[in-house]
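Data block below; observations after.
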Amino acid sequence: HGHAREVDKTECLDLLAQAYEHNLVQFGENVREGVNFICNCCGCCCEAMLAAQRFAFLEPVHTTNYLPQISESCTGCGTCVNLCPVQAMSLVSANNPKKPKRRIAKLDAKLCLGCGVCVRGCPDAQLTLIQRPQRVITPRDSTHRTVIMAIERGKLQHLLFDNQVLFSHRALAAVFGVIFALPPAKQILASRQLKSHYLEKIIDRVGV
Ligand code: SF4
Ligand code: SF4
């Protein structure tokens with residue numbers, strides 16, 4: 001439809017280098033098979049980054065097995081806070097009675113994608129990427145579990161509407177992806193809870 005064009009390997013590598021220079025996050029859809037997109041994004045308007053902030057529990061974006069570790073000598077300059085695309089970094093008091101105004105960076109590990117953008121950007125090299133204490137739970141299972149629990153409790157509609165999942169088509173796609181992979185009886189249950197003709201038609205088409 002004129003929205004995409006093929007690029008060769010050289011142009012592709014150039015584009016990746018540009019993305020790296022501009023501190024963009026390279027990520028892919030958080031599924032094990034049939035990845036629909038990879039992207040290089042900032043956090044200001046990318047739907048996937050916004051979904052990662054709002055719906056972290058659905059884990060719509062692939063997360064690495066690393067986390068930035070903040071050194072005790074962090075100067076509190078705030079560069080990492082500005083660079084992080086999902087607002088996983090903030091500045092807090094260093095709790096230093098001798099320097100009551102001193103601030104240091106603090107990480108919200110639940111939001112962090114482990115992309116390393118902040119590590120590259122720290123002007124004083126106060127950040128290091130370390131392995132997460134536990135390997136990331138296979139993300140698709142987490143979404144899977146959330147959706148199944150909602151269906152079993154008859155609350156799928158609340159999961160979608162109360163959490164405003166519909167505002168992000170990628171988070172919605174993650175939920176629908178789980179529904180389409182369910183056994184037929186559960187798909188029918190999901191369809192009834194949502195009262196969605198759209199979902200019914202797709203389920204019919206995939207052959208329930
Ligand atoms: S960019 Fe580095 S020095 Fe600045 S607040 Fe973040 S961790 Fe600390
Ligand atoms: S690695 Fe750094 S920039 Fe990337 S999500 Fe985590 S805190 Fe944000």
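The values are calculated or read from the model by the stated rules, or taken from the named source; none is laboratory data. Note that the structure is a prediction, hence the values are computed from the model and not measured. All Cβ positions, even for glycine, are placed from backbone atoms using ideal geometry, and neighbour counts span all protein chains on display.
Which numbered condition trips up Ala109, out of (1) modelled with pLDDT under 90; (2) surrounded by 14 or more Cβ atoms within 10 Å (Cβ to Cβ); (3) near ligand 2 (Cβ under 9 Å from one of its atoms)? The one condition Ala109 does not meet is (2). Only residues that are touching a residue at least 24 places away in the same chain (Cβ under 8 Å) and polar (S, T, N, Q) were counted in region 84-137, giving 4.
Under the condition of being assigned to a loop (DSSP other than H, G, I, E, B) and touching a helix residue (DSSP H, G or I) at 6+ places or on another chain (Cβ under 8 Å), which residue from region 89-123 is nearest to ligand 1 (Cβ to nearest atom)?
Residues of region 89-123 that are assigned to a loop (DSSP other than H, G, I, E, B), as a first pass: 94-102, 108-116, 122-123.
Checking the rest, the ones that are also touching a helix residue (DSSP H, G or I) at 6+ places or on another chain (Cβ under 8 Å) come to 110-111, 113, 122-123.
Working: Lys110: 19, Leu111: 15, Leu113: 16, Cys122: 3, Pro123: 6 Å.
So the residue we want is Cys122.
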